[in-house]
1. Across 10 Å bins from 0, what is the distribution of all Cα-Cα pair distances for the range 168-272, in whole percents?
2. In terms of solvent-accessible area of protein heavy atoms at a 1.4 angstrom probe, what is the ranking of LEU208, LEU13, highest value first?
3. Any idea of PHE286's accessible area? Nearest 10 Å², probe 1.4 Å.
4. From the protein chains alone at 1.4 Å, what is the descending order of accessible area for ASP127, ASP231, largest first?
5. Whose amide H sits under 5 Å from the amide H of ALA293, counting only residues 5 or more places off or on another chain, with H placed in the peptide plane?
6. What part of the accessible area of the range 106-146, given as a whole %, is carbon or sulfur when the probe is 1.4 angstrom?
7. What nm distance separates the two modelled labels at ALA84 and GLU203, each placed 7 Å from Cα along Cα→Cβ?
8. Which shape class applies to the range 136-226: rounded if a/c is under 1.5, otherwise prolate when a/b exceeds b/c and oblate if not, where a ≥ b ≥ c are the square roots of the Cα gyration tensor eigenvalues?
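The values are calculated or read from the model by the stated rules, or taken from the named source; none is laboratory data. All values derive from a computational prediction rather than experimental measurement. Note that each Cβ is placed from the backbone with ideal geometry, even for glycine, and that neighbours are counted across all protein chains shown. Heavy atoms of the whole protein, side chains included, go into the accessibility calculation; ligands, DNA and RNA do not. Shrake-Rupley method; radii C 1.70, N 1.55, O 1.52, S 1.80 Å.
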Amino acid sequence: MTDQSSPGRGRTLPARRLLLVHAHPDDETINNGATMAAYAARGVHVTLVTCTLGEEGEVIPPGLARLTEDRDGALGPHRAGELAAATAELGVHDQRFLGGRGRYRDSGMAGTPPAGHPRAFCRAEPDEAAAHLVGVVREIRPQVLVTYDPDGGYGHPDHIQAHRVALRAAELAADPAYRPDLGAAHTVRKIYWNCLPRSVAEERLAALRSGPPLPFPAVATPGDLSGVVDDELVTTVVDTGEEGLRRKAAALRAHATQVAVADGGGSGATGTPGGAAVADGTEFAFALSNGLAQPILATEYYRLVRGPAAPGRPAGPETDLFAGIAGAGETGEPGEPEEPGEPGVLGVLGEPRESGATGESGENEASATPPGGLAGADGPDGPDRGAGAGAARGTGGPGTPGEAR
Ligand SMILES: [Zn+2]
């Protein structure tokens, strides 16, 4: 595998490259920790761009409350350290702050004084902020971009801004006339928004409610979680199994100022094989500063809003973010001339990957077309697959692909 530890121009990167754009330290782990760990473990170059230091976060441990006394001088740098520890747990070695560390500041919730700070990320001119990301896109040349939906998952102004900036950067990076000084134009082939199927949120939260006592005051409701959508909007299900769950939980623990993790009384990542079964129980739960318990999921969910859907799948959602990309997807097509593909692909950590995905190419370059190739699911075949299978009908809804910008 190519060295991933020293990103920079003039270096040969792995054939598959994944870029994630997040607002604050901890968002990457909460939304995509299992996915990042799974792809990194399979040799994918995973780049995380974090837009702020999270200076306005609420600090949970009383012993660390002093950090809030100087949010720019203490909490921000402390959270950057937590982020470094978290990405190390995930096996991700290419993390950057948008525009450099401290360029943009956590805006806090809408209407609060931090949103008026001169460096508040929500106040940034999107094109100016996007220019920083264009440089990263043209350097790394990722096939896949993951970020939030237009609502930022739950309406936080920095998350909404991260969405805007990420989509704008993808557009600008592909335009050869835009800032040639930032590198050669590059088109990101697939763009995903984070999401969580409503049925999964309901099932998992119900499991927490009916399980053994948790060290949190209450269990969240679906409305408390980020990115909850109707099942039919979900196009992609990434199941990472026990290893993904273990790494995600470890990374959550690294965000100690923001996240409290329960581990089921020390029993750890035990249970039946496959992350779904483990996550179905109460082995792992976490809470943010609101004290509301949420499940830690080994399976993460996405909405494909640009690019080719998984080719040739008989039914159900795609299971690989790189599916349908020549040389990078799970069909093992011949590689593109300039970047030979690896025959192996991410399947499920700790389980043999699915075989039998056959392949027509399904190529549909940057067409902003709904993933119509996913149709045909008969129905759920398990508690975790169910949402994804039901999601196979997805074609649009709020924020349809055409408005992905
Ligand atoms: Zn956030």
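1. Binned Cα distances yield the sequence 11, 28, 30, 17, 10, 3.
2. LEU13, LEU208
3. Surface open to solvent at PHE286 totals about 10 Å².
4. Result of the area sort, largest leading: ASP127, ASP231.
5. ALA218, VAL219, ALA220
6. Here it works out to 59 percent.
7. 4.0
8. Prolate, since a/c reaches 1.5 and a/b exceeds b/c.
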